[in-house]
Amino acid sequence: MGNQGGAGAGAPARWRGTVADVELDGIDPRRVPVHIGCVMDGNGRWARKRGLPRTEGHGAGEEALFDAVEGALDLGTRWLTVYAFSTENWKRPVDEVRYLMKFNESLLLRRRDELNERGVRIRFAGRRDWRVPRRLLRRMDEALDLTAHNRTMTLTIAFNYGGRAEIVDAVRRLVADGVPADKVDEKAIRSRMYLPDMPDPDLVIRTSGEFRISNFLLWELAYSELVFTDVLWPDFRRANLFEAVREYQRRDRRYGGLDV
Ligand code: IPE
Ligand code: IPE
Ligand code: MG
């Protein structure tokens, strides 16, 4: 699979027939992205628009996430990676951070069985540092173990994740492994990233109208197609995912080469 992307490289999509055909209209099942990444942004603004506390927006993001998971399964996407908490999000008020830790812990408990039943393998990308509560780390390990055998789709939750931190951690490993300078190449770095077997994302979607990456998968998205939408994350549904895939399929991926 490698970083050649989804265009023609992925397994044929398995239309599961759980959604109305019309929703999938215009999507070529042979060119579905193998790996989709999502920067789930806009929860706070969604809540503010309703006069609610920011935390309500995070809560409302759960339905969006699981509709996106269903949509990715409908498409036959093999890898879905979602940005849930960045290495910079620790800067937020302590109450919001505490809420997010508890929320993610309870979300894993609530959803792990249904994800498992759907053949989803749950994995995590990020730093397991002292700031992540033990109870949450335990839930993460349980979800990993429970779903480790699944292969329909891999849902990677980027948690306490930073693209720069991931590169720093890879470089630390290179040094710890005693790799000499002339042996440092892309392969040596890639093999020391958090999830070396994960293909690069073909498509990265960011919600909430911001045109930035905010430290998501910096190394991996070198040739990803980026789609930005004004939809705030709690309003995101599989129809929005399908729209992003249509946009992706209109793009021409050249990887620095020329059209043939
Ligand atoms: C994304 O929504 C969720 C996290 C970063 C945890 P935000 O909380 O960033 O919402 P906005 O961007 O303030 O609206
Ligand atoms: C990116 O959103 C991080 C996550 C979605 C987890 P942020 O809200 O933290 O990003 P900025 O601050 O707008 O760049
Ligand atoms: Mg934000």
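If the condition is being open to solvent by 20 Å² or more (accessible area, probe 1.4 Å) and either acidic (Asp, Glu) or near ligand 2 (Cβ under 10 Å from one of its atoms) (or both), then the range 31-42 contributes Met40, Asp41. Of all residues in the range 98-130, exactly one satisfies the criterion of being farther than 12 Å from Phe159 by Cα, open to solvent by less than 40 Å² (accessible area, probe 1.4 Å) and within 16 Å of ligand 3 (Cβ to nearest atom), namely Phe103. Taken over the range 157-206, residues that are within 16 Å of ligand 2 (Cβ to nearest atom) and open to solvent by less than 70 Å² (accessible area, probe 1.4 Å) amount to 14.
Considering only residues in the range 27-46 that are more than 19 Å from the chain's Cα centre (by Cα) and within 16 Å of ligand 1 (Cβ to nearest atom), the one that is nearest to Phe159 (Cα to Cα) turns out to be Gly44.
Counting residues that are touching a strand residue (DSSP E or B) at 6+ places or on another chain (Cβ under 7 Å), which helices (runs of 4 or more DSSP H) fully inside the range 18-111 reach at least 1?
54-75
Go through the range 126-139 residue by residue and tally those that are touching a residue at least 24 places away in the same chain (Cβ under 8 Å) and closer than 22 Å to Asn215 by Cα. So the count comes out to 6.
When only residues in the range 187-241 that are within 25 Å of Arg127 (Cβ to Cβ), more than 16 Å from ligand 1 (Cβ to nearest atom) and acidic (Asp, Glu) count, which is farthest from the chain's Cα centre (by Cα)? Across the range 187-241, the extreme among qualifying residues is Asp197. Can you find a residue in the range 169-183 that is hydrophobic (A, V, I, L, M, F, W, C) and in contact with a His (Cβ under 8 Å, 6 or more places away or on another chain)? For the range 169-183, residues hydrophobic (A, V, I, L, M, F, W, C) and in contact with a His (Cβ under 8 Å, 6 or more places away or on another chain): absent. Beta carbons closer than 7 Å, at least 6 apart along the sequence or on distinct chains, pair a first residue in the range 238-260 that is more than 19 Å from Ala222 (Cα to Cα) with a second that is assigned to a loop (DSSP other than H, G, I, E, B) and among the hydroxyl-bearing types (Ser, Thr, Tyr) for Asn240/Thr229. Against the numbered list (1) farther than 30 Å from Thr55 by Cβ; (2) in contact with a His (Cβ under 7 Å, 6 or more places away or on another chain), Ser191 comes up short only at (2). Just one of the listed residues (Leu109, Leu73) is without any contact (Cβ under 8 Å) to a residue 60 or more places away in the chain and aliphatic (A, V, I, L, M), and it is Leu109.
Do we find a residue being of a type in the set (Lys, Arg), more than 18 Å from the chain's Cα centre (by Cα) and more than 16 Å from ligand 3 (Cβ to nearest atom) anywhere in the range 149-165? No; the residues of the range 149-165 include none that is of a type in the set (Lys, Arg), more than 18 Å from the chain's Cα centre (by Cα) and more than 16 Å from ligand 3 (Cβ to nearest atom).
Screening the range 207-231 for residues that are open to solvent by 30 Å² or more (accessible area, probe 1.4 Å), in a loop (DSSP other than H, G, I, E, B) and away from ligand 2 (no atom under 12 Å from the Cβ) and picking the one that is nearest to Val32 (Cα to Cα) gives Tyr223.
The values are calculated or read from the model by the stated rules, or taken from the named source; none is laboratory data. Just so it is clear, the model here is predicted, and its values are computed rather than measured. Note: ideal-geometry Cβ built from the backbone for every residue, glycine included; neighbour counts use all protein chains shown. To get the accessible areas, we keep the full protein, side chains included, count just its heavy atoms, and leave off ligands, DNA and RNA. Shrake-Rupley method; radii C 1.70, N 1.55, O 1.52, S 1.80 Å.
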